[in-house]
Structure formats: C-alpha cells, structure tokens
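What follows draws every value from the coordinates through simple rules; no lab data is involved. What you see is a predicted model, and the numbers here were worked out from it, not measured in a lab. Positions of Cβ are backbone-derived with ideal geometry, glycine not excepted, and every protein chain shown enters the neighbour counts.
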2 protein chains.
Amino acid sequence: MTLNRSKQRDAIIAFLATRKDHPTAEVVYDNVRETFPNISLGTVYRNLTLLADLGEIRRLRTRDSKDHFDADLSPHYHFICNECFSVSDIFIDKTTELVKAANEVTMNQITDHEVFYYGICKDCQKKEH
Amino acid sequence: MTLNRSKQRDAIIAFLATRKDHPTAEVVYDNVRETFPNISLGTVYRNLTLLADLGEIRRLRTRDSKDHFDADLSPHYHFICNECFSVSDIFIDKTTELVKAANEVTMNQITDHEVFYYGICKDCQKKEH
DNA sequence: CTAATAATAGTAATCATTGCTGATTTGAAG
DNA sequence: CTTCAAATCAGCAATGATTACTATTATTAG
C-alpha cells in the first residue's frame, strides 16, 4: 500500500517532464528503454496509470485511439490535429467561467474539466498546400 | 461510394434520437436488436462510425474506455461521473469565448471543440452514505 | 426487371491496455 | 549492516472494445 520509489518510475516521470507533446505509453516505453533496455511495456502502463490516479500527471483520452500523457499540471487545454493526431497545449484557463456556467444548469458535483480543440495543426496546413 | 438507405441504419438513428444518455455501441446493439433480432454488432459499429464521420451524430470519447454516441448536434457540453461513468448534457455554449481565447494563443486552425466536466453525479452523491 | 454496388450477418483479427506470476528491489526495523 | 515483508518488476498471457473480412442480401438507378 505504501509507495516505494523505483528507478523505472523515476525515469518515466523524468522523461515525461522533458516533453511538451504529450506522448503515448508506447512513446514513453521506446524512450525510457534507451536508459532501461529491459523495462517492460507493462511497467510503463502501470506507472502511468498509477501516476495519473495519484494526480501527478494527466491522462488525455482524445479522438485518437491512444491515451496521451501530460506532466504539466497547470490549468490549460489541448489542441488535437485531425490529420496527424498531434496534441499541443493551449495555455488558457477558463475554469471560473466554465464551472460557474455549468453549475447554473446542473446539480452534479463538478471536480474538474477538460477542453479539447480539434482542427488542422500548423504543420498539416502547410502540407495541404 | 453513394449512400444507400438501410433499415438497420434508420433504426440506429431512430433509437439514438430517443435517448439523452449517450449510449455506447453495445447499448445501441442491445436495443436495436429488439426490432432487428439478427442485426450484428459490426453493423452497429460501422453505422455509428459512418454517421459520426458524416457529422450526423457525435462520438464522445471519455475517460470511460467505451465510446458514447449523441444524436443531439446542438452546441452543448458533457458531464461524466467518475463513479458510474454516466454521461449527461450540460446545456451551455461558450464557443465564442473559448475559440476566441484559443485563437489568441495558437496558429492551429480550430474547427470545433469539446468540453468535458468530471465529478460525481447526483445519483452517486446519494449512494455515498 | 436487372445489373451494379452498397450494406449486412457472422466471425476472425487487431491492438491498446490490463492481469498474472515468479523473481527482484526497496525501505523500515532491528 | 542484515532481515524481511511489501512493493515493484519483466515477461508474457488475457481482455475487451473496435475494426476487418467474406460470402450473402438489399437497394436503387436506368
């Protein structure tokens, strides 16, 4: 029940902290494997899930079929490209307004919220000439 | 390439239109089967995907591992219960503000957006003693 | 009515994620 | 510094939602 440290988990957190592109479990696995050649994919998933449950990272479930993970806990939203499925940050915070407006129309108890923007990212706009 | 009508698809649309609880493919299947006893789950999935791609219904990918479907295309958001994973409507529309604010910080081309609220629904609040 | 093709039922396959098991690591207490 | 129970791991099997495939049936334009 107590949380022990582990080199694998530390490496996963450290790697995530270096990235702003919200990698998938697979990407985390591929990268952490460069330092821990025989870390297993299961370990990556278990730790990402554990960290998300503890609230130390955020799990993003987008229209993409893979989960993405974000080590940045500051309030912000996300943009997902419909072409390449890349995920990028939208650093705005409308918590006050959004939660206030929602509370006026529901009795459900809101603890948090997420905003996803969809469209075509800058890079994919270029490609489509 | 041309779209033909099919009784199965009509039944799926008709069923979805009667529900405000954003059923999963499985739930759609169970219900439509009462009228079409040997409709297949694949047909349900194929049509839900087709309709979502055509923009005639919305596919909601939540923290729940199952997709939910919504026949109501009017601008509105969703609340998902962390306990029972029920999905309910939040009839507010902050498109103008949200898209305006996002456009001030990104060059990505935004075509649409989604807001998910999470928390404990009214029913689950009661259950908790 | 008929041919072309869209859609279906039934089932197999995919693939992200989770579960299992026996071995290894961690950390608190002596 | 040892000890030992509990936590974590690697490797791999299993799960489960969704998609793909194939032979058959339904739809619709002409």
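Computed over every Cα-Cα pair of the protein assembly as shown and binned at 5 Å starting from 0, the pair-distance distribution P(r) comes out as 1, 5, 12, 14, 16, 16, 14, 11, 7, 3, 1, 0 percent. Here the stretch B:60-120 and the stretch A:42-110 have alpha carbon centers that stand 11 Å from each other. Between A:ALA17 and A:ARG5, the simple spin-label model (points 7 angstrom out along Cα→Cβ) gives 1.2 nm.
Sorted from shortest to longest, the distances between the B:CYS124 label points of this copy and the other copies are 3.1 nm, with each point 7 Å from Cα along the line through the beta carbon.
Computed over the alpha-carbon atoms, the stretch B:1-73 gives an Rg to Rh ratio of 0.94, Rh here being the Kirkwood radius from the mean inverse distance.
Label-to-label distance, B:ASP53 versus B:CYS84, with points set 7 angstrom from Cα along the beta-carbon direction: 3.5 nm. Each Lys and Arg adds +1 at its Cβ and each Asp and Glu adds -1 at its Cβ; summed about the Cα centre, the stretch B:1-73 shows a dipole of about 120 debye. Partners of A:LYS100 within straight-line reach, counting aspartates and glutamates whose Cα lies under 16 Å from its Cα and excluding those fewer than 8 residues away in the same chain: A:ASP112, A:GLU114, B:ASP89, B:ASP93, B:GLU97.
Between copies, the label points at A:ALA17 (set 7 angstrom from Cα along Cα-to-Cβ) are spaced 5.5 nm, reported in nanometres from shortest to longest. Projecting 7 Å from Cα along the Cα-to-Cβ direction, the label point of B:GLU104 sits 2.0 nm from its equivalents in the other copies, listed shortest first.
Sorting the Cα pairs of the stretch B:24-129 by distance into bins of 5 Å, from 0 upward, gives 2, 10, 16, 17, 18, 15, 11, 6, 3, 1, 0 percent per bin. Within the listed set A:ILE57, A:ILE110, A:ILE12, the Gaussian network model of chain A (springs between alpha-carbon atoms below 10 Å) gives the highest mean-square fluctuation for A:ILE110.
When chain A is treated as a Gaussian network with alpha carbon springs shorter than 10 Å, the biggest mean-square fluctuation among A:VAL32, A:VAL44, A:VAL99 belongs to A:VAL99.
Could you list the residues of the stretch B:76-112 with an amide nitrogen less than 16 Å from a label point located 7 Å from the Cα of A:CYS124 in the Cα-to-C-beta direction? Answer for this model: B:107-112. Screening chain B for whole DSSP H helices of 18 Å or more along their axis (Cα) with average Kyte-Doolittle hydropathy at least 1.6 returns none.
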